[in-house]
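Q: One structure, as structure tokens, below. Some questions next.
The values are calculated or read from the model by the stated rules, or taken from the named source; none is laboratory data. Quick caveat, the model's predicted, so the values are computed rather than measured. Don't worry about glycine lacking a Cβ; one is built from the backbone with ideal geometry, like all the others, and counts go over all protein chains shown. Just the protein is used for accessible areas: all its heavy atoms, side chains included, with ligands, DNA and RNA removed. Shrake-Rupley method; radii C 1.70, N 1.55, O 1.52, S 1.80 Å.
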Amino acid sequence: MQSIPSETLIIDRKARANMPFYDLDLRPPTLRTCDFEDVVIDFSTERAMLEAARCIHCPDPAPCMLACPTHNDIPSAMWLIEQGRFSDAADLYHQTSSLPEICGRVCPHEALCQGSCVLNKHHTPVLTGELETFAVDYQRRNEGRVIPLAPPTGRRVAIIGAGPAGVACADQLVQRGHEVTIFESKPAPGGLLVYGIPNFKLPKDVWFEKWEEFERAGVKFVGNAYIGKDKTIDGLFNEGFSAVFIGVGSEVDAKMENTPGTDLPGVYEATDFLIRGNVDPKLLPSEMTRPLEVGKRVVVIGGGDTAADCLRTALRLGSEEVTCLYRRTEKEMPGGKTDRAMAREEGAKYRFLTQPIRFMAGENGRLAAVECLEMKLGEPDAKGRRKPIPIEGSNFSVACDTAVLALGYWPDPIIGKTTPDLETHDWGLITADKKTGSTSREGVFSGGDCVTGPDLVVTAMVAGRKAAWAIDEYLKNKKS
Ligand SMILES: Cc1cc2nc3c(=O)[nH]c(=O)nc-3n(C[C@H](O)[C@H](O)[C@H](O)COP(=O)(O)OP(=O)(O)OC[C@H]3O[C@@H](n4cnc5c(N)ncnc54)[C@H](O)[C@@H]3O)c2cc1C
Ligand code: SF4
């Protein structure tokens, strides 16, 4: 429900809809490819107030609220921002979101809140994500934020994985008085917010400032702890934890099966490439600290957002010719349009209906070219996407010294294999109730990408929050 009912506002909706629109300010492509800094220039207070004043305040429930997976009260926040009450707006976002400054930056707004704004019909939608970012950053930087805590319950909960799902679960549990320890296989918390999404989309200092809020609220972090190997879930119960939340994501790179040459020097998996290309070496696991050797001609194979992130990372690492090879056409690409448009602006090229079939070495034994086949589109598959079909004899080669495979992700099966009676499916995804995150094991809950497969920060966060509420109920009813 909207906390500021739209019918109480005396406003001229027509005049608002016709107000001029000024798009986001972005750093020019020639400048932004010289570094890994944020591409978007932050709103000034005046600019934020002006943009928020374009909201026409649809009747409750507003379509943007419904389209937001965490149901942020966007219209009320717009009103507060318009009035200059930025901290009040930030408080409103925190009621429904554990990571508003992150979601405001990385959500695919055009498919969620912004995409459902009624102004899309005849005008331009309100920049809802950017305004969320503005209000929450404003509060954190000017006043700081203290997470409200309930009196201690004496119950201890273990969370496995410090990505958006795990952190959101921790946020909601400490607010209910439970003691929370997060066990994480990487040295630092954040999951894909640190070890995946590049800095130019989500500056790491934004995340680490956010993390300090959770630390101040008492969330304990144990890094370099790979559950399934260093400890097991049964072991955690034996240590005295009353419940466990699994939020381990879906981070194992899909392989390019039956394709010779993927082991050549110069061929990288997307995760390895993005992590080593983007993350401060001090935050890297020891096996990843070797510097990347990226050449001048890079091909990226895949059509999702990860592929766009790899293209843009390669350009920032100094590569001159950066090309995406994709086996269908642009229409079938799973990645968002905005990321693709930015990659193009920065100099990336796209080559469609192209299937790599062999990575070839040069005289020095390193990657020198990739042999490809031209494809055509056939009948739609089970998901309705037209199948790519090779055109026989259409072989051609693309010269390159670096190739990045951005083909998708699978779950890591280790938790399922080392936890008796924990039900999994499809190569290790954890079977969990959509509303509560409860699994086939009593006291074990799960959510995020390890349940759904690769999805979004906001959906993982929502799953973590919902599981925390269910864990709280479970602990209230548990005798010992
Ligand atoms: C390159 C890239 C770019 C993306 N860009 C966007 C974007 O712009 N917008 C968006 O909304 N989404 C984006 N996503 C998707 C988004 O990052 C994920 O959907 C989200 O992070 C999932 O959250 P999670 O908490 O479920 O898992 P993760 O973020 O994957 O976190 C899981 C954590 O668990 C840890 N872990 C794994 N196994 C174990 C174990 N056995 N023991 C202990 N710890 C373990 C991992 O190290 C990791 O830290 C992107 C993903 C990638 C790969
Ligand atoms: S969480 Fe995402 S979808 Fe919801 S309002 Fe924020 S940017 Fe939009």
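Q: Probe radius 1.4 Å, ligands and nucleic acids left out: which of 321, 179, 46 has the largest accessible area, and how do the rest follow?
A: Ranking 321, 179, 46 by accessible area, largest first, yields 46, 321, 179.
Q: Further question: Can you give the accessible area of residue 421 in Å² (nearest 10), computed on protein heavy atoms with a 1.4 Å probe?
A: 130
Q: Further, regarding this structure: Any idea which of 267, 104, 194 is furthest toward the positive side of the dipole for the chain, if Lys and Arg beta-carbons carry +1 and Asp and Glu beta-carbons -1?
A: 104
Q: Work the Kirkwood hydrodynamic radius out for the chain: mean of 1/r over every pair of different alpha-carbon atoms, inverted, in Å.
A: One over the average 1/r among Cα pairs gives 23.8 Å for the chain.
Q: How big is the dipole moment of region 153-218 about its Cα centre under a simple scheme where the beta carbon of each Lys and Arg is +1, that of each Asp and Glu is -1, and everything else is neutral? Debye, nearest 20, please. Show your work: numbers first, answer last.
A: Numbers: 8 positive and 8 negative charges, 37 e Å.
Result for region 153-218 is approximately 180 debye, rounded to the nearest 20.
Q: On to the next question. Can you return the aspartates and glutamates within cross-link range of residue 466? Criterion is Cα-Cα under 17 Å, with same-chain partners fewer than 8 residues away left out.
A: Filter leaves 171, 433, 442, 449, 455.
Q: Computing the accessible area with a 1.4 Å probe over protein heavy atoms, can you report the carbon and sulfur percentage for region 241-288?
A: 51
Q: Given the protein chains as shown and a 1.4 Å probe, how many square angstrom of residue 155 are accessible, to the nearest 10?
A: Ignoring ligands and nucleic acids, residue 155 comes out at about 40 Å².
Q: Quick check for me: using +1 on Lys/Arg Cβ and -1 on Asp/Glu Cβ, what's the dipole size of region 117-161 about its Cα centre, in debye to the nearest 20?
A: 260
Q: State the Cα centre-to-centre distance between region 143-178 and region 200-268 in whole Å.
A: 18
Q: Counting only heavy atoms of protein chains, what accessible area per residue, in Å², does region 395-480 have with a probe of 1.4 Å?
A: Per residue, region 395-480 has an accessible area of 48 Å².
Q: May I ask you to rank 430, 10, 414 by accessible area, largest first, using a 1.4 Å probe over the protein chains only?
A: 10, 414, 430
Q: Taking one equal scatterer on every alpha-carbon of region 182-333, how large is log10 of I(q)/I(0) by Debye at q = 0.09, 0.10, 0.11, 0.16 1/Å?
A: Log10 I(q)/I(0), no solvent term: -0.37, -0.46, -0.55, -1.01.
Q: Between region 328-396 and region 122-142, how far is it from one alpha carbon centroid to the other, in angstrom?
A: 36
Q: Summarise the accessible area of region 1-146 (1.4 Å probe, protein heavy atoms) by the percent that is carbon and sulfur.
A: Its accessible area is 58 percent carbon and sulfur atoms.
Q: Determine the principal axes of the Cα atoms in region 1-142, then give the extent along each, sorted from largest to smallest and rounded to whole angstroms.
A: Rounded to whole Å, the extents work out to 48, 32, 27 Å.
Q: On to the next question. In a Debye calculation with equal point scatterers on the alpha-carbon sites of region 381-444 and no solvent, what is log10 I(q)/I(0) at q = 0.13, 0.17, 0.18 Å⁻¹?
A: Debye intensities relative to I(0), on a log10 scale: -0.67, -0.82, -0.85.
Q: Per DSSP H run of at least 4 residues, take -39500 (n - 2.57); add these up for the chain, divide by its residues and hand me the 222 nm value, nearest 500 deg cm²/dmol.
A: Value at 222 nm, helices only: -9000 deg cm²/dmol.
Q: Which of 322, 169, 217 sits closest to the plus end of the dipole of the chain, meaning its Cα is farthest towards the positive end, when Lys and Arg get +1 and Asp and Glu get -1 on the C-beta?
A: 169
Q: Write down the accessible area per residue of region 118-171 in Å², having rolled a 1.4 Å probe over the full set of protein chains.
A: Numbers: 2080 Å² over 54 residues.
For region 118-171, the per-residue accessible area is 38 Å².
Q: Let me ask something else. Could you work out the Rg to Rh ratio of region 101-216, with Rh taken as the Kirkwood radius (inverse of the mean 1/r over all Cα pairs)?
A: Expressed as Rg/Rh, it is 1.04.
Q: To continue, here is another question. Cut-off under 23 Å on the C-alpha distance; same-chain residues fewer than 8 positions from residue 337 excluded. Which lysines are left, in chain and number order?
A: Within reach: 121, 201, 349, 376, 383, 387.
Q: So if we plug the beta-carbon distance of residue 147 and residue 290 into 1/(1 + (r/R0)^6) with R0 = 56 Å, what FRET efficiency do we get, rounded to 0.05?
A: Details: r = 38 Å, r/R0 = 0.68.
Using R0 = 56 Å, I get an efficiency of 0.90.
Q: So, one more: Pull up the cross-link candidates among the lysines for residue 231, meaning alpha carbon to alpha carbon under 18 Å and not fewer than 8 places away within one chain.
A: 186, 220, 417
Q: Of all the accessible heavy-atom surface of region 359-401, with the other protein chains kept in place and a 1.4 Å probe, what percent is carbon and sulfur?
A: C and S fraction of accessible area: 48 percent.
Q: Compute the Cα gyration tensor for region 394-478, then decide on rounded, prolate or oblate, letting a ≥ b ≥ c be the square roots of its eigenvalues: rounded whenever a/c is under 1.5, prolate when a/b is larger than b/c in the other cases, and oblate in all that remain.
A: Working: a/c = 4.05, a/b = 2.35, b/c = 1.72.
Since a/c reaches 1.5 and a/b is larger than b/c, the shape of region 394-478 is classed as prolate.
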